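Notes to accompany the following structure.
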Amino acid sequence: MTKTARKSPEEKLLLAARRLFCRAGIHATGITRILEEAGVARGSLYMHYGSKENLLKAVLDTEANMWFHWFDQDLPALKCSSQERILALFDLLEKWFAKEDFFGCIFVNAVAEHEKDSGWVRDMAGTYRDQIIDRLKALVVESGARDPDVVIQKLGLIIEGAIITAMVTQSSQAAHIARLAAEDVLRCTECSPSLGKEST
């Protein structure tokens with residue numbers, strides 16, 4: 001019988017903070033609540049993270065790494081065209097939306113709760129967003145789109161809209177609709193005239 005690996009206090013804190021920050025809000029979640037959710041002592045938080053702010057930074061890092069894993073490992077592993085990899089991203093989104101602990105994107109939530117004009121939260125979210133968009137753009141360029149910059153803007157809006165819709169509706173159906181919209185965008189750019197059509 002395989003035993004499930006026990007999570008370290010550091011991992012427990014990170015998982016608890018990620019859930020609470022998205023579900024209840026960053027400002028509404030105090031250190032005491034995080035400790036209760038994680039089931040660890042207060043000293044563990046200060047030992048591993050030092051402060052609530054550093055814990056939030058770690059949560060943002062974790063969210064970004066999820067996206068990087070999709071683009072750097074999951075999508076490249078698929079034996080299909082670049083257009084199909086772009087569409088496969090929406091399948092990954094659908095699985096994410098269907099998780100019990102999905103309460104939206106921590107980047108969007110964090111920026112919404114903090115100063116909009118400046119600040120480390122906005123800067124960090126913007127930097128990670130740019131890195132994610134660069135990875136998506138590489139796929140779009142590889143697909144042969146006529147105007148990759150415009151395609152990227154359209155796909156970006158579709159993806160971000162799907163995340164917000166899934167959070168509000170608490171339904172993974174948003175990813176399916178977003179995938180259909182992405183198919184239309186790719187078809188209109190003449191990446192693949194037959195994209196989305198069933199073979200006869």
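Put +1 on the Cβ of each Lys and Arg and -1 on the Cβ of each Asp and Glu in region 60-188; which of 90, 167, 111 then has its Cα farthest toward the positive end of the dipole? Most positive-ward Cα: 90.
With 0.36 nm allotted per residue and the present C-alpha distance subtracted, the residue 52-residue 31 stretch has 6.9 nm of extension available.
About its Cα centre, what dipole magnitude does region 51-155 give when the only charges are +1 on Lys and Arg Cβ and -1 on Asp and Glu Cβ, stated in debye to the nearest 20? Don't jump to the answer; show the numbers that get you there.
Details: 13 positive and 19 negative charges, 39 e Å.
I would put it at about 180 debye.
Counting only trypsin sites (Lys or Arg not before Pro) that are in a DSSP loop and have at most 14 other C-beta atoms within 10 Å, tell me the longest site-free stretch of the chain. In the chain, the maximal stretch lacking such sites is 8-78.
With +1 assigned to the C-beta of every Lys and Arg and -1 to the C-beta of every Asp and Glu, and no other charges, what is the dipole magnitude of the chain about the Cα centre in debye, to the nearest 20? Don't skip to the end; give the middle numbers.
Working: 25 positive and 28 negative charges, 128 e Å.
In total the dipole reaches around 620 debye.
Backbone N atoms of region 4-28 closer than 20 Å to the 7 Å Cα→Cβ label point of residue 99 belong to residues 4-26.
Among complete DSSP H helices in the chain, those whose alpha-carbon atoms stretch at least 24 Å along the helix's long axis and whose mean Kyte-Doolittle hydropathy reaches 0.0 are 148-169.
Pull out the extension gain between residue 72 and residue 160, defined as 0.36 nm times the separation in residues minus the alpha carbon to alpha carbon distance; nm, one decimal. Let's see the in-between values first.
Values: separation 88, 0.36 × 88 = 31.68 nm, distance 1.98 nm.
So the chain would gain 29.7 nm between residue 72 and residue 160.
On full extension, the segment bounded by residue 42 and residue 23 gains 4.7 nm, given 0.36 nm per residue less the C-alpha separation.
Region 114-180 and region 85-101 have Cα centres separated by 13 Å.
On the beta carbon distance between residue 8 and residue 141, with R0 = 35 Å, the FRET formula returns roughly 0.30. Each label was represented as a point 7 Å from its Cα along the Cα-to-Cβ direction; for residue 131 and residue 184 these points are 3.3 nm apart. Which residues make up the longest stretch of the chain clear of GluC sites (Glu not before Pro) that lie in a DSSP loop with no more than 15 other Cβ atoms within 10 Å, not counting the sites? The longest uninterrupted stretch comes out as 1-99.
From the coordinates of this entry, P(r) over Cα pairs in 5 Å bins from 0, in percent is computed, and it appears in (i) 1, 6, 9, 11, 12, 15, 13, 10, 8, 6, 4, 2, 1, 1, 1, 0, 0, 0; (ii) 1, 7, 14, 16, 17, 15, 11, 8, 5, 3, 1, 0, 0; (iii) 1, 8, 16, 20, 20, 16, 11, 6, 3, 1, 0 under the label (ii).
Values in this text are rule-based calculations from the coordinates and carry no lab data. Given the structure is predicted, the values throughout are model-derived calculations rather than measurements. Counting neighbours? That spans all protein chains shown, and the Cβs are built from the backbone with ideal geometry, glycine included.
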